[in-house]
Amino acid sequence: MRLPKVAIIGTGGTISGVGRDSLDFYEYSTSGRFMRVDELIATVPELPRVADIVPVPYNNIASTDLQPSDWLKLTTIINETVAADPTLDGVVLTHGTATLEETAYFLNLTVKVSVPVVVVGAMRPSSALGADGGLNLLNACRVAGSPQARGMGVLVVLNDEINAARDVMKTSNYRVQTFVTPDFGILGYADPDRVVFYRRPLRRCAPDTEFDVSGVAALPRVDIIPAYAGADATMVEAVVAAGAKGIVSVGFPSGSPSPAQKKALEQAAKTGVAVVQSSRAGSGRVVPSKESLLAAGFYGADTLTGQKARILLMVALTRTSDPAEIRRIFEEY
Ligand code: ASP
C-alpha cells in the first residue's frame with residue numbers, strides 16, 4: 001500500500017529544542033540548540049511507517065522570535081512546495097508553541113493548497129524525559145496524510161487532538177494538554193488505530209479565501225491594547241503615533257475598553273485607524289452589531305481572541321479599508 005507523502009517544514013521551537021539533560025524542562029531554550037528538521041525527523045524512527053517524509057528546512061528559531069514577515073514566507077513556501085510536487089498528500093509545519101496559534105491562523109487565511117496543512121509543536125524539548133514531540137510529529141503526519149483532513153483549513157495537532165486553527169489557543173504554560181478550543185471543542189483525534197473526525201469548521205478557511213498575499217511585501221501594522229482597571233490613553237496614543245493602521249482592543253468582558261481608552265480609540269477610528277473590539281474573557285462572542293460598537297466605529301471580533309483578530313485585520317487591510325468590507329470579513333472568517 002502506498003504511504004501518504006508528507007512534507008515537513010521545520011521552524012524550530014521546543015519540539016526541536018535540546019536541553020542540557022533529560023530533566024531540563026525550563027531553561028532548555030538558553031542552550032540555543034535547535035535540531036534542523038532532518039535531525040528532528042531522524043529522532044522519530046517510526047515516521048517512515050506512517051508516511052513518506054520530505055524534509056523542508058526553514059529557520060531554527062523560537063516562535064517568540066518569528067515575525068509577520070515569516071508568516072508571509074511560510075505561506076509562499078507551502079504554496080511552492082505543493083505546486084512543485086503534485087504527489088504530496090499533506091504538509092506539516094513544526095513550530096514553537098508560543099505563537100503557534102498565530103501562524104496557524106495566518107496560514108488558515110492565506111495558503112492556497114488543497115492538501116491538509118497541519119501545525120505541530122511540543123511542550124517538552126526533545127531531550128526531556130517524557131518528551132511529547134515525537135508522538136505529536138507522528139500524529140501530525142498521520143493527520144496531514146489523511147484524506148478526511150482535506151477541506152478543514154489549517155489544523156493544529158498536539159496531545160492526540162485535532163483542532164481548527166481559527167479557534168484553538170494555548171491555555172497552559174507547561175501542561176501537554178495546553179491547546180484547547182474553548183466553546184467549540186476539538187475536531188477529532190489522532191488515535192493509534194486511526195485518525196477520526198467528528199465535526200468540521202464552518203467559517204471560511206484555506207484554500208477558499210479571498211486573501212492572496214503572494215505580492216504582499218509587508219503586512220500593515222496592527223497593535224493590541226489590553227484593558228485593565230484604570231487604563232489610560234497612553235498605549236493607544238503611542239501605537240497611533242507609531243503608525244498603526246489598526247488596533248485590537250482586548251477589552252473587559254463582554255467587550256469594552258476603559259473609558260479613557262475608548263475616547264482615544266474613537267479618536268483613532270475617526271482618523272482612519274481600523275479598531276477591532278475583542279474581549280479578554282477568552283470565550284463567547286463580542287457582538288459585532290452592538291449599538292455602542294457601531295456608534296464608536298469599531299468592528300466586533302466575534303469569537304476571535306485578540307491575537308487572532310489582529311491577524312484577520314492585518315490580512316483584511318491588505319485588501320481593503322472599506323468599513324463595510326472589513327465588517328463582512330469579520331462575519332465570514
Ligand atoms: N519558546 C518556545 C517557542 O515557542 C515554546 C515552545 O515551543 O513550546 O518557540
Per the Cauchy relation, a quarter of the hull surface: what is the mean projected area of the convex hull of the alpha carbons in the chain, in nm²? 16.6 nm²
Beta bridges per DSSP with both ends in the chain, % antiparallel, nearest 5: 30 percent
Which of MET123, MET169 has the fewest other C-beta atoms within 10 Å, and how do the rest follow up to the most? MET169, MET123
From fewest to most C-beta neighbours within 10 Å, the residues PHE106, PHE211 line up as PHE211, PHE106
Cut-off 14 Å between beta-carbons: net charge of the residues surrounding ILE326, Lys and Arg +1, Asp and Glu -1: -1
Whole-Å distance, taken between Cα centres, linking the range 1-70 and the range 79-120: 15 Å
With +1 at each Lys and Arg Cβ and -1 at each Asp and Glu Cβ, the charge dipole magnitude of the range 1-56 around its Cα centre, to the nearest 20 debye, comes out at 260 debye
Along the Cα→Cβ direction, 7 angstrom out, place labels at GLU80 and LEU294. What is the inter-label distance in nm? 4.6 nm
At 0.36 nm per residue, minus the direct Cα-Cα distance, what do GLN177 and TYR26 gain on full extension? Give it in nm, one decimal, please. 52.6 nm
Net charge of neighbours whose Cβ lies under 11 Å from the Cβ of GLY243, counting Lys and Arg as +1 and Asp and Glu as -1: +1
Between the range 138-193 and the range 255-290, what is the separation of their alpha carbon centroids in Å? 30 Å
Theoretical FRET efficiency, 1/(1+(r/R0)^6), r = Cβ-Cβ of GLU46 and GLN148, R0 30 Å, to 0.05: 0.90
Roughly what would the spin-label model give for TYR198 and ALA281, points 7 Å off Cα along C-beta, in nm? 2.4 nm
For a quick protection proxy, order the peptides 9-18, 82-91 by their average other-Cβ count within 10 Å, most packed first. 9-18, 82-91
Order of 245-254, 92-101 by packing, highest average Cβ count within 10 Å first? 92-101, 245-254
Could you list which residues have their amide H under 5 Å from that of VAL248, counting only those 5 or more apart in sequence or on another chain, with H placed in the peptide plane? ASP223, ILE224, ILE225, VAL276
State the antiparallel share, in %, of DSSP beta bridges confined to the range 223-316, rounding to the nearest 5. 15 percent
Give LYS5/LYS112; LYS170/LYS245; LYS262/LYS308; LYS5/LYS73; LYS112/LYS290 a once-over and call out the pairs whose C-alpha atoms are over 25 Å from each other. LYS170/LYS245; LYS112/LYS290
Most exposed first by the Cβ proxy, i.e. fewest other Cβ within 10 Å, how do MET152, MET235, MET1 rank? MET1, MET235, MET152
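Bear in mind that the values in this text are calculations on the coordinates, not laboratory data. Worth saying up front: this structure is predicted, and the values here are computed from it rather than measured. Ideal geometry is used to build each Cβ from the backbone, glycine not excepted, and the neighbour counts take in all protein chains shown.
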